[in-house]
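No lab work stands behind these numbers, since they all come straight from the coordinates. Source: prediction; values computed, not measured. Cβ placement follows ideal geometry from the backbone for every residue including glycine, while neighbour counts extend to all protein chains displayed.
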Ligand code: SAH
């Protein structure tokens, strides 16, 4: 299938499968999202009302500003190092980091210590980020992966990043659990199938056709970042659509123009995500000897770090229409109604074990 941009990722994936055999869901998802020339993120700017989805930094400047102030406080709690990397994983349009840096100017010692590192797989989005951060007043470096970030204390921010990392699926059959693969049907179209081999170490008892979704890439990355925080000092804040207890079931979904679509229909043309298993991420961080805070809901986190005050301060200088918009954004970010993000989104923080507290998690005891 070739679309208007000549983007024939589906054809390339079918060709790979014809030559090498069916591929795990994980490889399919990674190709669909960040194939260097034909992936979803590498060929477009997907954000905003005109795009496929809207994220918190697009909803309101308050989101990035509050995360910038969170980073400033955490910087103090980790010993106020004179040089600190402020890292964002998957910065999208760069809005969050621009808002965070503007707010961080209120803490000049922190602001002056910052080197910005943006981990981004897409050149198109890196260019957007360059524009958003031109004149931000701090040095900015782009990295393809976390491994490329030079050593030193680092505060990591990740909003809707872990949900873009590829997942593995295992399906229960009468003989045991088998990995779900993407293969070709009789007409040569992409279709889901199962590995001929049973996973010998997966022994969970569940009804046939149950699905186990494992965010292996997210867990590996969390292990690396947590280990780095333990050795080099720093912190991480992850905000994402997700759940706080590991359970059976699949959450892989494809979204195009704000609608759900078939994940196999047009690879590279729809956003693919899976909800984040925050309990698995927490275990990965603690196994690396780091400390975790949360997960708490996005609504609780944002209220605790002062979103109500920030909204009042912005409204004090706003026209009635703008004041209404601020109230709407506040509800969208913190509410628990239909289409609101306050409880669907969760927030997890990671630090060294010696850190006593970080803002936003007062209702939650540190898990280790
Ligand atoms: N944080 C932004 C964007 C979220 S979308 C916001 O809240 O608006 C996911 C972002 O992660 C995009 O910038 C995408 O290009 C990037 N991305 C996805 N997978 C990636 C990977 N494996 N490595 C690096 N960046 C990735």
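Note that segment 191-313 shows a convex hull volume over its alpha carbon atoms of 186 Å³ per residue. Residue separation of residue 343 and residue 189 scaled by 0.36 nm, minus their Cα-Cα distance, works out to 51.6 nm of gained length.
Take the Cβ atoms of residue 124 and residue 318, set R0 to 25 Å, and the FRET efficiency comes out at 0.15.
DSSP finds beta bridges in the chain, and of those with both partners inside it, around 60 percent are antiparallel. Note on residue 175 and residue 248: their simple-model spin labels are 2.0 nm apart, each label 7 Å out from Cα toward Cβ. Here segment 1-97 is described by how far its Cα atoms reach on the three principal axes: 55, 31, 19 Å, from widest to narrowest.
On a 0 to 90° scale, report how tilted helix 278-287 is relative to the longest principal axis of the chain, with both axes built from alpha carbons and the result rounded to the nearest 10. Taking Cα atoms only, the helix is inclined about 80 degrees. For residue 354 and residue 146, the FRET efficiency from 1/(1 + (r/R0)^6), where r spans their Cβ atoms and R0 equals 30 Å, is about 0.85. Evaluated at q = 0.10, 0.15, 0.18 Å⁻¹, the base-10 log of the normalised Debye intensity for segment 234-368, with identical point scatterers placed on the Cα atoms, takes the values -0.44, -0.87, -1.05.
Counted over all Cα-Cα pairs of segment 52-183, pairs farther apart than 26 Å make up 29 percent. Calculated FRET efficiency, residue 210 to residue 138, Cβ-Cβ distance, R0 = 51 Å: about 0.60 to the nearest 0.05.
Going by a ≥ b ≥ c, the root eigenvalues of the Cα gyration tensor, does segment 203-269 fall in the rounded group (a/c under 1.5), the prolate group (a/b larger than b/c) or the oblate group? It is oblate, given that a/c is not under 1.5 and a/b is not larger than b/c. For the chain, the longest principal axis of the Cα atoms and the long axis of helix 320-334 meet at an angle of about 50 degrees. Ranked by how many other Cβ atoms sit within 10 Å of their own Cβ, fewest first, the residues 309, 275 fall in the order 309, 275.
Reported to two decimal places, what Rg/Rh ratio describes the chain when computed on Cα atoms with Rh from the Kirkwood expression?
Rg/Rh for the chain comes to 0.98.
With neighbour counts taken as other beta-carbon atoms within 10 Å, the residues 95, 42 rank, fewest first, as 42, 95. Calculated mean residue ellipticity, 222 nm, the chain: -10500 deg cm²/dmol, from DSSP H runs (n ≥ 4) at -39500 (n - 2.57) each, averaged per residue and rounded to 500.
Gain on full extension, evaluated as 0.36 nm per residue between residue 15 and residue 131 minus their Cα-Cα distance, stands at 38.0 nm.
Neighbouring Cβ atoms within 10 Å as the yardstick, rank 177, 75 fewest first. Don't skip to the end; give the middle numbers.
Working: 177 21, 75 24.
So the residues, fewest neighbours to most, are 177, 75.
Between the Cα long axis of helix 307-316 and the first principal axis of the chain there is an angle of about 60°, rounded to the nearest 10. Among 121-133, 205-217, the peptide with the highest mean count of other Cβ atoms within 10 Å heads the list, and the full ranking is 121-133, 205-217.
Here, segment 173-241 yields an orientationally averaged convex hull projection of 7.9 nm² when only Cα atoms define the hull.
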